[in-house]
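Worksheet: the structure to be examined is printed underneath.
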Amino acid sequence: MKKTKISTTDSESGYMVRDGKPKGFFYLDHRTVDIKCNIITDTYVTPGNVNDVDPYIKRLDRQIERFGFNVKYVGLDAGYFTSPICKRLSDRNIQGTIGFRLGPHEKGKYTKYKFVFNKELDKYICPGAKELKYRTTTRDGYREYVSNANDCCNCELKGKCLTGKNDIRTIRRHVWEDHKDKAFFFTKTDKGRDIYKKRKETVERSFADSKELHGLRYCRLRGLTKVSEQCLLTAAVQNMKKIAMILARHCFQLLQSIYFHISPTVFNA
């Protein structure tokens, strides 16, 4: 049986446990912003124990259907770097620029990305130029590739590759891993890096402003519906300020262009 902690004061909140975050009952605000003007186009609240990945694709589809956006690229943090997310982005002809983590591994040992996958032969090639052949597919959709024990025993690199008492190396590859590799290599390109850098200037800055300047660090009311109202109102206020700044900037540029346009006539007269 699975035990779930439920708040006695707000049963709709969720108990959140994340690395680098405080433990407790929280709500999560899933926000979407545009890369050009940093306008908040969507805010969606879930309990704190909901994974960020779960509502993402539905919120993206809602953006496209409601506003008619022609989305070509999306910038996401490492929490979204999963095979299902990358696959669904590819199905929509959207290029993901996603941060990545190396995953759980022993320090000083070769990670999965040190091995080269040969798609035509359906096998991995290790740093020692040996093959890891396909063995089986798990129920979760992961294909397992294993090395030969004799190759590993006589390999000079086994100290950097094998962990614990294992005499072979096993690599798991999801059936949708090709889509994940596509996002991984694009993020490393110059264009991918430029898009990914925009995250800290757009959505991360939007969250920081809402917490520091608009009181969104704490919930003022209880219940999912009331917390959603708080997040929507906060987003509306932020958008009003952002739109006002954009209009003011455009008006200033327009006045400058008019001044420089008529000034020669004034001086000639």
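Read the figures in this text as sums done on the coordinates, not as results from a lab. Just so we're clear, the structure is a prediction, and the values are computed from it rather than from any experiment. Virtual Cβ from ideal backbone geometry, glycine too; neighbours counted across all protein chains shown.
Points to keep in mind about this one:
- Compactness relative to 2.2 N^0.38 Å, alpha carbon Rg of segment 47-156: 1.41
- Inter-label distance, nm, simple model (7 Å from Cα along the C-beta direction), LYS36/TYR134: 4.5 nm
- Cα gyration tensor shape of the chain, rounded if a/c is under 1.5, else prolate or oblate by comparing a/b with b/c: oblate
- Considering segment 112-175 at the alpha-carbon level, its Rg and Dmax are found to be 11.5, 34 Å.
- The local environment of GLY48, defined by Cβ-Cβ distances under 12 Å, has a net charge of 0 under the rule Lys, Arg +1 and Asp, Glu -1.
- Radius 11 Å from Cβ of SER228, net charge of other residues (Lys, Arg +1; Asp, Glu -1): -2
- 222 nm mean residue ellipticity, helices alone, for the chain (DSSP H n ≥ 4; -39,500 (n - 2.57); rounded to 500): -13000 deg cm²/dmol
- Within the shell of other residues whose beta carbon sits under 11 angstrom from the beta carbon of ASP178, the net charge comes to +3, with Lys and Arg scored +1 and Asp and Glu -1.
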